[in-house]
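The values are calculated or read from the model by the stated rules, or taken from the named source; none is laboratory data. Keep in mind that what you see is a predicted model, and the values were worked out from it rather than measured. Glycine gets a Cβ as well: all are built from the backbone with ideal geometry, and neighbour counts include every protein chain shown. All accessible areas refer to the heavy atoms of the entire protein, side chains included, with ligands and DNA or RNA removed. Shrake-Rupley method; radii C 1.70, N 1.55, O 1.52, S 1.80 Å.
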Amino acid sequence: MDALSDLLRVLRFTGGVFLDATFRTPWCVYSQVTREDCTPDTPSASLVAFHYVLDGHVEISIGDSPPRACSAGDLIVVVRNDVHLFGSDLTLSPMHAESLIRETSHDELPHIDSGSGDTVVSRFVCGYLGTSVATHPLLDALPDLLVANVRGRPCAEWVESSFRFAARTHVSHQPGAQDVLARLSELLFVEAVREYIEHLPPGATDWLSALRDPPLARALSALHGRVAHPWTTEQLADEALLSRSAFAERFARTLGVPPMTYLTRWRMLIAAQRLRESRASIGQIAAGVGYESESTFTRAYTREMGVTPGAYRRGQSAS
């Protein structure tokens with residue numbers, strides 16, 4: 001099993017496009033996705049903001065980080081939805097992006113057309129991805145700002161044409177269109193993550209780096225493929241084709257935790273997803289993630305997640 005695909009399945013992103021923006025030089029705005037920008041059913045424990053540059057150039061910066069230059073075809077991902085500066089010149093006094101949004105009819109995508117210059121510097125669509133999971137190995141491993149040029153990748157041409165269509169017409173009023181935009185948004189995010197993995201420097205130590213390490217990738221694929229199996233470190237070392245000591249040291253150095261700690265945390269994330277999305281009993285969920293005893297599972301879940309499985313499910317139902 002592809003461990004990255006398994007992580008994305010548990011994240012269960014929901015997303016879409018909420019703004020079409022055109023700016024003429026000079027300009028500078030600050031922006032952050034809010035709950036009001038998202039559809040009512042979007043989970044918001046973790047929000048990821050993105051901007052897809054259709055035309056022109058733009059600079060972006062988060063906090064005190066130096067500006068990052070982006071151009072047409074770039075997908076800009078603000079992984080932790082931080083407030084960020086956007087513009088042709090980030091030394092200008094920024095305006096709030098929301099204050100520039102023009103009134104539109106109910107069947108049009110909200111849009112910005114701003115700036116006093118004659119040259120269109122940048123045009124992009126803004127979107128979001130939301131998940132019910134507050135912490136996750138994938139999101140934890142990514143930088144605050146991720147920029148990837150997706151032109152030339154297999155999905156690029158039809159994804160870009162779809163976003164251009166979304167920018168012209170508010171397709172969310174068409175049946176199923178929000179689901180289509182959510183899948184397109186997730187696909188772009190996956191492409192950006194894959195490009196980021198491809199360019200990780202040698203010796204990097206995080207979850208994404210483990211996917212490029214063949215022994216660790218084999219072990220992770222086996223673990224994710226059979227999460228209920230009573231794994232031991234020795235068995236995972238066999239999957240990795242390493243000795244137990246070499247595997248344990250390599251796993252902990254790269255992922256930051258021992259193999260069995262990773263397994264427990266991953267089981268709890270899957271259990272949380274099933275508590276949210278299924279009607280299975282707690283005992284059934286416990287068995288599905290490798291626990292023979294409901295009481296043992298409950299103690300492990302409470303220790304890792306800070307709340308009992310029953311209380312977590314009740315809280316999700318109430319929200």
* To do: Under 6 Å between Cβ atoms, at least 6 apart or on separate chains: pull out the pairs that start in region 138-160 with a residue that is at pLDDT 70 or above and open to solvent by 20 Å² or more (accessible area, probe 1.4 Å) and end on any residue that is of a type in the set (K, R) and in a strand (DSSP E or B).
  => V147/R68
* Asked: Regarding D55, is this residue open to solvent by less than 40 Å² (accessible area, probe 1.4 Å), part of a strand (DSSP E or B) and charged (D, E, K, R)?
  -> no
* Asked: If the Cβ limit is 7 Å and pairs must be 6+ apart or interchain, which residue in region 268-285 that is touching a residue at least 40 places away in the same chain (Cβ under 8 Å) pairs with which residue that is surrounded by fewer than 18 Cβ atoms within 10 Å (Cβ to Cβ) and in a helix (DSSP H, G or I)?
  -> L275/Q316; R276/Q316
* Can you name the number of the only condition in (1) surrounded by 15 or more Cβ atoms within 10 Å (Cβ to Cβ); (2) closer than 27 Å to S44 by Cβ; (3) more than 25 Å from the chain's Cα centre (by Cα) that R314 fails? -> (1)
* With a cut-off of at least 1 residues that are over 24 Å from the mean Cα position of the chain (by Cα), name the helices (runs of 4 or more DSSP H) lying wholly within region 173-272. => 214-225, 233-240, 244-255
* Any chance V10 is β-branched (V, I, T) and surrounded by fewer than 21 Cβ atoms within 10 Å (Cβ to Cβ) -> yes
* Members of region 294-309 found to be surrounded by 12 or more Cβ atoms within 10 Å (Cβ to Cβ), part of a helix (DSSP H, G or I), at pLDDT 95 or above and not aliphatic (A, V, I, L, M), listed by number -> E294, F297, T298, R299, Y301, T302, P309
* To do: Could you please let me know if A3 is under 23 Å from the mean Cα position of the chain (by Cα), modelled with pLDDT of 85 or more and surrounded by 14 or more Cβ atoms within 10 Å (Cβ to Cβ)?
  => no
* To do: Being modelled with pLDDT of 80 or more and of a type outside the set (F, W, Y) is the filter here, so list the residues in region 188-204 that pass it.
  => L188, V190, E191, A192, V193, R194, E195, I197, E198, H199, L200, P201
* Asked: Looking at this structure, is S105 farther than 30 Å from Q273 by Cα, modelled with pLDDT of 90 or more, open to solvent by 40 Å² or more (accessible area, probe 1.4 Å) and out of contact with any Phe, Trp or Tyr (no Cβ under 6 Å at 6 or more places or on another chain)?
  -> no
* Asked: Is there a residue in region 122-132 that is in contact with a helix residue (DSSP H, G or I) (Cβ under 8 Å, 6 or more places away or on another chain), part of a loop (DSSP other than H, G, I, E, B) and at pLDDT 70 or above?
  -> yes
* Tally the residues that are open to solvent by 30 Å² or more (accessible area, probe 1.4 Å), touching a Leu at 6+ places or on another chain (Cβ under 8 Å) and part of a strand (DSSP E or B), restricting the search to region 16-52. => 2
* Asked: If V58 passes every condition in (1) under 22 Å from D140 (Cβ atoms); (2) touching a strand residue (DSSP E or B) at 6+ places or on another chain (Cβ under 7 Å) but one, which one does it miss?
  -> (1)
* May I ask you to verify whether Y291 is modelled with pLDDT of 95 or more and open to solvent by 20 Å² or more (accessible area, probe 1.4 Å)? => yes
* Test W231 against the criterion of being among the aromatic types (F, W, Y) and surrounded by fewer than 20 Cβ atoms within 10 Å (Cβ to Cβ), and give yes or no. => yes
* Name the residues in region 74-102 that are part of a strand (DSSP E or B) and modelled with pLDDT of 85 or more, would you? -> D74, L75, I76, V77, V78, H84, L85, F86, G87, M95, H96
* Asked: Of the numbered conditions (1) touching a helix residue (DSSP H, G or I) at 6+ places or on another chain (Cβ under 8 Å); (2) surrounded by fewer than 18 Cβ atoms within 10 Å (Cβ to Cβ), R68 satisfies every one except a single condition; which is it?
  -> (1)
* **Checking D64 against (1) touching a residue at least 40 places away in the same chain (Cβ under 8 Å); (2) out of contact with any strand residue (DSSP E or B) (no Cβ under 7 Å at 6 or more places or on another chain), the condition it does not meet** => (1)
* Asked: Among the residues of region 71-90, which ones are surrounded by 17 or more Cβ atoms within 10 Å (Cβ to Cβ) and among the acidic types (D, E)?
  -> D74
